[in-house]
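Please read the structure below before turning to the comments.
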Amino acid sequence: MGHHIKQVVWPDRAYVDYKFDHHRLFSTIMTVATSITVSGLWGWDYVIDAEGARRTIGLRLVMSVIIVLHALLLHFRVPRRLTTAYAFIGAFTCQMLFIEVLNRLDHGMQAQFSGFLFFTFLPLLVMQYVPFTTGAAFMVLIISLPPAAGAVGFAHDFEYVKYPLLLGPVGAMFICVLFAFEQINYTSYESQRLLRLVAITDSLTGAGTRRFITDTAAREMARARRYGGPLSVLMLDIDHFKRINDTWGHQAGDQAIRAVVDLCQGAIRDTDVIGRFGGEEFVILLPQTDRPEAERVAERLRCAVAAAPIPLAPDVSVTLTCSLGVTTLSANDHSVDTLLGRADKALYAAKNAGRNRVSVAA
C-alpha cells in the first residue's frame, strides 16, 4: 500500500506518459468545451453590465484562443513536456485575464465572485497528464492568484480575505478527489502493465515469448531499413535435451533451460534481445551487428554453455552443449518469417554437422 501511494504521489515517467496518452482525448474535448464556455460567458457579462461588456469581449476572445491552442497541442500530439508547460502558462494567463475582465465590469468582483470557481477546474484538465504533486501545487497557485491580486490592488473591490474562505475548502476537496482518482488510475495502469508483462515474458526463463520476439524482430527490421545498420539473428538449441528429461525428470530439464538462458543473458549486450522460441530453442536478436560479429557472439555463447557445469540437483551437475544458427538481415528479407526461417535452417545445418557448433547461413 505504501509503495502504491508513493507511486501516485511521485510517479515514474512511464506512468505519467501513460496518463498523457490515455487522457488525451478527454482533455482535448474538455479543453474545447472550456473555450466555448469562456466565450459564452461574455453573454453573462452583457447581462450584468451591457456597457462594461464591450470592454471585456476582446479579453474573452483572447482567453478562448489560448485555450483552443491548448486543445490543438493535444490533438496534434505535441510532446507532453511542451504541452504541459503551455497548459500551465495558459491557465495562469487566463486566470489573470479573468480578473481583468471583472475589473472592467461595474461591480464585476461582486457579481461574478462565484465565477472564480470555474477556473479552479482548469488545473484539473492539466492534472490528467502531470504528476499528482505538480497538479496539486498548480491548483493551489491558481486558487491563490485572485486573493493575491486583490491584496496588491490589481483586483479592484475584491474581498480577498473572503475568497480563500469560500474556495480554499473547495480546492482542497478537488485535490482529495483527484488523489482518489489517481489511485484508481494507477491501479488500472499497474494491472495493464502486469498483463502486458505476462503476455511477453516466458514464465519459466524470464526471456521473451515467441510473440514478443517476432514482434521485436519486426520492429528491428523496420528500424534497420529506415536508419541503416545491420541486424543479425541467432537461433540456439540445446543439444540432446531430451536425455535430461528422460534421465532426471522435467524439473531438472526446466532447471537446465533456466541456466542456459542465464548464461546467454550474461554473455550478450543490454541492447540484444533473447526470446524462447520453442521448448529448448531460443532466438537472440543482435541489433547493429554484422555477420562476422554475430558469428563471434554465437561462438562465445557456445563456449559459455559448454564450459559451465549446470546443477540439476544437490548432488548432480551436467555439462551441456548447444548448436547455433546465424544469419543477417538482407535486402530480400521481406518478412520476419523469412529472416527467422533462414536462421532456423542454419541451426539445423549445425545439428546435422554433429552439434556443438555454429553454422552461418549463406
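When the Cα positions of L263, A218, G208 are compared along the charge dipole of the stretch 191-319, A218 comes out farthest toward the positive end, with charges on each C-beta of Lys, Arg, Asp and Glu.
Lys/Arg Cβ at +1, Asp/Glu Cβ at -1, dipole of the chain taken about the Cα centre: which of A151, L165, T37 is farthest positive-ward? The residue sitting most towards the positive pole is T37. The gain in end-to-end length when the E100 to L204 segment is fully stretched comes to 30.9 nm, 0.36 nm per residue minus the alpha carbon separation.
For the chain, the relative contact order comes to 13 percent (Cα pairs under 8 Å, sequence separation of at least 6). Rolling a 1.4 Å probe over the protein heavy atoms of the chain, with every protein chain left in place, gives an accessible area that is 62 percent carbon and sulfur.
Averaged over its residues, the chain has an accessible area of 50 Å² per residue, based on protein heavy atoms and a 1.4 Å probe. Each principal axis of the Cα cloud of the chain was evaluated for its coordinate range; sorted largest first, these ranges are 96, 49, 26 Å. Taking only the Cα atoms of the stretch 1-105, the ratio Rg/Rh comes out at 1.13, with Rh defined as the Kirkwood radius.
Hey, could you get me the Stokes-Einstein D for the stretch 174-316, Kirkwood radius over alpha-carbon pairs, 4 °C and 1.567 mPa s, rounded to whole µm² s⁻¹? Don't skip to the answer; put the middle values down first.
Numbers: Rh = 17.5 Å.
Once the numbers are plugged in, D ends up at 74 µm²/s.
Note on H334 and L197: their simple-model spin labels are 4.0 nm apart, each label 7 Å out from Cα toward Cβ. Backbone N atoms of the stretch 199-223 closer than 16 Å to the 7 Å Cα→Cβ label point of R258 belong to residues 202-208.
Can you tell me the length gained on complete extension of the stretch D21 to T187, counting 0.36 nm per residue apart and subtracting the Cα distance? Write down the numbers at each step before the final one.
Details: separation 166, 0.36 × 166 = 59.76 nm, distance 1.63 nm.
58.1 nm is the gain from fully extending D21 to T187.
The mean sequence distance of close C-alpha pairs (under 8 Å, at least 6 residues apart), as a share of the length of the stretch 232-327, puts its relative contact order at 43 percent. Each label point was placed 7 Å from the Cα along the Cα-to-Cβ direction; for A306 and A137 their separation is 5.9 nm. Annotation: average projected area of the stretch 299-351 is 4.8 square nanometres, based on the convex hull of Cα atoms across all directions. For the chain, the 222 nm mean residue ellipticity estimated from helices alone, with every DSSP H stretch of n ≥ 4 adding -39500 (n - 2.57) and the total spread over all residues, rounds to -22000 deg cm²/dmol. Placing a label point 7 Å from the Cα of Y227 along the Cα-to-Cβ direction, the residues of the stretch 192-221 whose backbone N falls under 13 Å from that point are 219-221. For F154 paired with H75, estimate the spin-label separation in nm (one decimal), with each label point 7 Å from Cα along the Cα-to-Cβ line. My value for the distance between the label points is 3.0 nm.
A Förster distance of 51 Å, applied to the separation of the beta-carbon atoms of T321 and A14, puts the FRET efficiency at 0.80. Rounded to the nearest 20 debye, the dipole magnitude of the chain is 660 debye, with +1 charges on Lys and Arg beta carbons, -1 on Asp and Glu beta carbons, and the Cα centre as origin.
Applying the Karplus relation 6.51 cos²θ - 1.76 cosθ + 1.60 with θ = phi - 60° to the stretch 49-58 yields 3J(HN,Hα) values of 8, 4, 5, x, 4, 5, 8, 10, 4, x Hz, where x marks Gly and Pro.
The values are calculated or read from the model by the stated rules, or taken from the named source; none is laboratory data. Quantities reported herein were computed from a predicted structural model and do not represent experimental measurements. Glycine gets a Cβ as well: all are built from the backbone with ideal geometry, and neighbour counts include every protein chain shown. Remember, those area values only see protein heavy atoms, side chains included, never the ligands or the DNA or RNA. Shrake-Rupley method; radii C 1.70, N 1.55, O 1.52, S 1.80 Å.
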